[in-house]
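Read the structure below first, then the notes.
Each value in this text was obtained by applying a stated rule to the coordinates, not by laboratory testing. Predicted model only: the values in this text are computed from it and were never measured. In this analysis, Cβ positions are derived from the backbone assuming ideal geometry, glycine residues included, and neighbour counts consider all displayed protein chains.
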Amino acid sequence: MDLYHQLKSTLKDVVPECDLPYKAELAQRIIELKEEKNAVILGHNYMEPALFHSIPDFTGDSLELCRQAAATDKDIIVFCGVRFMAETAKILNPAKTVLIPSPKAGCSLAESITAADVRALREKYPGVPVVTYVNSYADVKAESDICCTSGNAAKVVESLKAERVIFLPDEYLARNVARETGRQIIFPGKTPRPATDTNDLLQYEMVGWHGRCEVHEQFTVRDIERIRSQLPDVVVLAHPECSPDVVAASDFSGSTSAMVRYVREIDAPRYLLLTECSMGDNIAAENPDREMVRLCSIRCPHMNEITLEDTLAALEQTRYVVELDEDIRMRALQAVERMIAIG
Ligand code: 13P
Ligand code: SF4
């Protein structure tokens, strides 16, 4: 079957048919160019349905794509995701060309913290290990002891067997991990404190930061209550970047791929995903027997920067090349490799 008919059959309920000839043609050119240039395309679960279902060699959550980036033998890695993900691919593959189709694909979490912030925290809490969510830039990773993703955050924290850990930069993921691992958490960066820091008198095992995902912070318990009152049999899945109250009011919380697996494996009348809306479309396309309830007014503007058009231009023009300072890359690599070793 040619790509157009393949996409038409997979996406018949999620993409208007009139869009497909154009998208299939673009995707076909990308696939040909990818072969010609010995490139691999990695696609995050949030990519729009036509892109997600046509050009990537591998799709998945941050952790799965990180593993694929570490394993590839291709010359070029095209990362259909956001910049911190493409940077992680470069950290793992210094000799390869890593491309991101749009330089505008940032992330509010990654932008919430700088390397200088991490150094200041280390000074304030000497000897306390730093766990950094992969949704951060390479210079921040370079100041960290170990990275984690939403799929392994609690496991990474527990692996350290430390009395205290600094967990950066997502406030809500940190609060969710603190709850899961039974730790008290404080947020010294949230409000400037006077010289006599009362936190020093408190019992705490985690130190967090005030970063937030601009998408997941918007979901509320009220949203869940309203949807449950309209559709009482709905199963609610929340990404751990949602607030702890939202996670507690949901039926399941996990990384993007954990949510995909849940829908595949657990039978329910209908599912609501509290995450970027494209993922609901992607799951609906793969599981036509599953009813997905969409909340599409909340979108990730960064992930949505990545289009088929820009991916084609990236391959044609070898743009936009991800470059990292070698000293930063080497130090960030240690933190990323420690995480990969834990799984
Ligand atoms: P995952 O690692 O769960 O795919 O999440 C990445 C992300 O950016 C979620 O907003
Ligand atoms: Fe960043 Fe949130 Fe977008 Fe994920 S959904 S890339 S955490 S802004």
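So, Val236, is that one within 16 Å of ligand 2 (Cβ to nearest atom), more than 15 Å from Tyr46 (Cα to Cα), of a type in the set (A, V, I, L, M, F, W, C) and free of Cβ contacts under 8 Å to residues at least 60 places away in the same chain or not? When the stated conditions are applied, Val236 does not pass them.
Tell me, yes or no, whether region 140-149 has at least one residue that is within 16 Å of ligand 2 (Cβ to nearest atom), in contact (Cβ under 8 Å) with a residue 24 or more places away in the chain and within 22 Å of Arg299 (Cβ to Cβ).
Restricting attention to region 140-149, the residues satisfying the condition of being within 16 Å of ligand 2 (Cβ to nearest atom) are 140-141, 147-149.
Within this subset, residues satisfying the condition of being in contact (Cβ under 8 Å) with a residue 24 or more places away in the chain are 140-141, 147-149.
Narrowing the set further to residues that are within 22 Å of Arg299 (Cβ to Cβ) leaves 149.
The answer is yes, given that some residue of region 140-149 is within 16 Å of ligand 2 (Cβ to nearest atom), in contact (Cβ under 8 Å) with a residue 24 or more places away in the chain and within 22 Å of Arg299 (Cβ to Cβ).
Cβ-Cβ contacts under 8 Å between residues 6 or more apart (or on different chains), taken from a first residue in region 205-229 that is within 20 Å of Glu180 (Cβ to Cβ) and aromatic (Phe, Trp, Tyr) to a second residue that is assigned to a strand (DSSP E or B) and within 16 Å of ligand 2 (Cβ to nearest atom), are listed as Trp209/Phe167; Trp209/Leu168; Trp209/Asp170; Phe219/Ala238; Phe219/Leu274.
Checking each residue in region 282-316 for being small (Gly, Ala, Ser) and closer than 20 Å to Tyr262 by Cα picks out Ala284, Ala285.
What residue, among those in region 71-120 that are of a type in the set (Asp, Glu) and surrounded by fewer than 24 Cβ atoms within 10 Å (Cβ to Cβ), is nearest to ligand 2 (Cβ to nearest atom)? The qualifying residue nearest to ligand 2 (Cβ to nearest atom) is Glu111. Only a single criterion out of (1) closer than 20 Å to Asn304 by Cα; (2) assigned to a helix (DSSP H, G or I) is not satisfied by Arg67, namely (1). Inside region 150-187, can you point out the residues that are under 26 Å from Ile91 (Cα atoms) and free of Cβ contacts under 8 Å to residues at least 60 places away in the same chain? Result: Ala154, Val157, Glu158, Leu160, Val165, Ile166, Phe167, Leu168, Glu171, Ala174.
Taking region 310-343 as the range and being more than 30 Å from Arg29 (Cα to Cα) and among the charged types (D, E, K, R) as the test, the residues that pass are Asp325, Glu326, Asp327, Arg329, Arg331, Glu337, Arg338.
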